[in-house]
Amino acid sequence: MTKNCSHEQFDHLVRLGRDLHRIGVGSMLVLPVTGQPILEVVSMGRTQIRVVVIRRAREWVFIWRPWWARLWMPGSWVWAEADNAADIIAMAAAA
């Protein structure tokens, strides 16, 4: 992963965390020493889903999985630039 790529990932996750906060959903940004940054979406003090941002088709997308899943499952994603990305992810966390 390039330095620019990790900065862009960080920026997208911070923006998503801020958008989630605005709609009343808690989150925590996890910055591991190795690997990619992760945004944990929290409800009632417990992590519900983990969100990462990746490049797909030259655009950034958020993908997520339940906190307990060890593998990233296909199908749970939204364009990072979508106006309703926070709403979609909040609904996934509440499900």
* Being modelled with pLDDT under 85, surrounded by 13 or more Cβ atoms within 10 Å (Cβ to Cβ) and over 16 Å from Glu8 (Cα atoms) narrows it down to one of Pro74, Pro66, so name that one. => Pro66
* Can you tell me how many residues in segment 16-53 are closer than 22 Å to Glu81 by Cβ and in contact (Cβ under 8 Å) with a residue 12 or more places away in the chain? -> 20
* How many residues are loosely packed, with under 15 Cβ neighbours inside 10 Å and either assigned to a helix (DSSP H, G or I) or of a type in the set (A, V, I, L, M) (or both) when one looks only at segment 31-52? -> 3
* Asked: When the residues of segment 1-25 are filtered to those that are over 12 Å from the mean Cα position of the chain (by Cα) and at pLDDT 85 or above, which remaining residue is farthest from Ile88 (Cα to Cα)?
  -> His7
* Structure fact -> Over segment 1-15, the set of residues farther than 17 Å from Ala80 by Cα and hydroxyl-bearing (Ser, Thr, Tyr) is Thr2
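The values are calculated or read from the model by the stated rules, or taken from the named source; none is laboratory data. Everything numeric in this text was worked out from a predicted model, so none of it was measured. Virtual Cβ from ideal backbone geometry, glycine too; neighbours counted across all protein chains shown.
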